Amino acid sequence: MRQGALLVPLVLLVLPPAAQAHLVTSGLGPFYDGALHLLLSPDELLGLLALALLAGLRGTAAARAALIALPIAWLVGGTIGLTLQATPDLAWVSVASFMLVGMLVVVDARLAPVVVAALAGVYGGLHGLLSGSTLATLDAGVPSLLGIVLAALLLVLLASAALVPLQAFWTRIAIRVAGSWVVAVGLLMLGWLAQSAA
Amino acid sequence: MSKSYLHQRTLAATVAVCAIVLFWPIAAWAHVGPGEAGGFVTGLLHPISGLDHVLAMVAVGLWGAQLRMPAIWVLPVAFPLVMALGGLLGLLGIPLPGVEVGIAVSAIVLGIMVLGAVKPPLWVALVLVSVFAIFHGHAHGTELPAGQSGLEYSLGFVIATGLLHACGIAIGLINHWRTGAVMLRAVGAAVAMGGVYFLAGAVG
């Protein structure tokens with residue numbers, strides 16, 4: 001059962017890649033288009049996975065606090081983003097954000113629930129801003145944003161709920177190993193960004 | 001929970017994870033973003049497609065299992081991080097001489113470590129593995145085919161690398177039995193010989 005739960009983050013990692021230039025059409029309306037947009041964005045999934053790993057590692061109180069802060073911040077950031085004319089170039093900050101969370105998982109940082117919530121809030125606000133501004137450029141609106149926020153909440157909820165009960169030494173190590181993978185991908189992303197900027 | 005039961009469950013989990021990645025339906029990615037699916041698959045297959053990489057990655061897991069706690073998990077955590085650093089150097093255009101030689105030597109040295117069941121202090125093992133990880137990362141980081149997603153590629157090869165370590169650790173669990181320990185050292189010898197073969201190819 002516990003080992004089965006460990007497969008959840010792996011499955012998140014191997015989900016199919018993102019579509020670009022327009023929201024994926026789910027055929028079920030803008031709300032589900034938004035949700036699908038998130039599910040098909042591996043960079044977003046990677047950050048959410050890192051958050052879920054951190055929340056799961058730090059226990060029930062921290063996971064609950066993160067689950068409250070994340071959607072609220074994402075919604076606020078997204079609402080602001082919807083008013084922007086162009087998507088801000090925050091790719092570096094985005095990568096740095098999930099690298100930071102991943103590194104906290106690797107070192108098993110003993111963070112208080114309020115700190116985990118603050119990190120989730122900052123992450124949610126940043127990615128909300130990016131989601132909102134992207135939706136604005138694609139002529140999508142609040143329903144799609146709500147779909148993104150709900151999908152993000154559900155992903156972190158399910159993943160952290162699967163991880164919180166894992167208290168055995170090996171399972172906690174596995175979570176930290178997954179965190180190191182997130183940081184490794186982030187390091188390489190910095191390289192790709194530098195290469196494309198050059 | 002007994003140790004052998006724990007080992008059996010760890011082995012079962014590792015096999016399950018390997019099976020998921022191996023049998024994930026690649027065809028399902030055929031209609032997604034152009035190039036991106038290919039990026040993930042390319043990254044996933046890259047460490048597996050070169051036997052020199054495979055030998056070294058598995059050897060890290062084998063040696064970690066031989067060294068036991070905490071090396072059994074510290075080495076596989078450190079390797080992808082430092083490997084990514086090597087990849088970053090490659091992506092930034094910083095040349096690293098003798099990459100192929102370094103990769104072959106990594107298999108030789110790690111194989112010898114397993115063969116001799118060498119147990120140095122953790123920091124020595126960490127430094128050794130990290131130095132080799134730079135070479136592996138540099139090779140991976142500079143080999144993204146044009147038009148493919150860097151993120152997908154990175155995800156693919158970090159996951160593949162981690163799973164190779166996991167396979168090494170799973171194989172290394174035989175070290176808990178007397179016959180298994182001997183067999184493990186024989187595997188180390190095979191890894192070292194493989195490294196010699198690749199070294200000959202790299203310098204020849």
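The values are calculated or read from the model by the stated rules, or taken from the named source; none is laboratory data. The shown structure was predicted, so the numbers you read here are calculated from the model rather than taken from an experiment. Note: ideal-geometry Cβ built from the backbone for every residue, glycine included; neighbour counts use all protein chains shown. The area values use the complete protein model at the heavy-atom level, side chains included, leaving out ligands, DNA and RNA. Shrake-Rupley method; radii C 1.70, N 1.55, O 1.52, S 1.80 Å.
Values computed for the structure shown
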read-out: Residue match in segment B:50-57 (condition: at pLDDT below 85, open to solvent by less than 30 Å² (accessible area, probe 1.4 Å) and not in a helix (DSSP H, G or I)); value: yes
read-out: Selection status of A:Ala178, hydrophobic (A, V, I, L, M, F, W, C), assigned to a helix (DSSP H, G or I) and under 15 Å from the mean Cα position of the chain (by Cα); value: yes
read-out: Count - residues of segment A:27-66 that are more than 14 Å from chain B (Cβ to nearest Cβ) and free of Cβ contacts under 8 Å to residues at least 40 places away in the same chain; value: 2
read-out: Which numbered condition B:Leu75 fails, given (1) modelled with pLDDT under 85; (2) under 21 Å from B:Thr10 (Cα atoms); (3) open to solvent by 10 Å² or more (accessible area, probe 1.4 Å); value: (3)
read-out: A:Val156 being within 30 Å of B:Leu88 (Cα to Cα) and either part of a helix (DSSP H, G or I) or not small (Gly, Ala, Ser) (or both); value: yes
